[in-house]
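Structure record follows, encoded as structure tokens.
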Amino acid sequence: MRNNVIELLARHARRTNRKRIPIKTAAAEMNVSYYTLNAIVGNTIREYPVDVLKNICDYFNCNVGDILSYEEVPTPHETA
């Protein structure tokens, strides 16, 4: 799973005439835990809470498909 949150944050910053939006600020504006949003941005989260995805979608005025995309990642035995 790959997410586009950083790209969406950059676009949102431009639309709202801000230089950049730190993850901590975005998390507060989304009403999402900083640690959860940071895990999403860092692709270290294992499960995406539905309420968090809803808040992110509301913040960016987008759909889940705009946030997440599936990219096949080769497993270690496939790359050998």
Does segment 51-80 hold any residues that are outside any helix (DSSP H, G or I) and either modelled with pLDDT of 95 or more or surrounded by 10 or more Cβ atoms within 10 Å (Cβ to Cβ) (or both), and which are they?
61, 62, 63, 68, 69
Restricted to segment 1-16 and to residues being part of a helix (DSSP H, G or I) and among the basic types (Lys, Arg), the residue least open to solvent (accessible area, probe 1.4 Å) is 11
Is segment 17-33 home to any residue that is at positive phi and surrounded by 11 or more Cβ atoms within 10 Å (Cβ to Cβ)?
yes
If I ask for residues that are in a helix (DSSP H, G or I) and within 15 Å of residue 8 (Cα to Cα), which ones from segment 25-50 would you list?
25, 26, 27, 29, 30, 37, 38, 40, 41
Subset of segment 36-50, residues surrounded by 11 or more Cβ atoms within 10 Å (Cβ to Cβ) and more than 20 Å from residue 71 (Cβ to Cβ), comes to 36, 37, 38, 49
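The values are calculated or read from the model by the stated rules, or taken from the named source; none is laboratory data. What you see is a predicted model, and the numbers here were worked out from it, not measured in a lab. Because the Cβ atoms are built from the backbone with ideal geometry, glycine has one as well, and the counts that use them run over all protein chains shown. Keep in mind that these areas ignore ligands, DNA and RNA; they rest on the heavy atoms of the full protein, side chains included. Shrake-Rupley method; radii C 1.70, N 1.55, O 1.52, S 1.80 Å.
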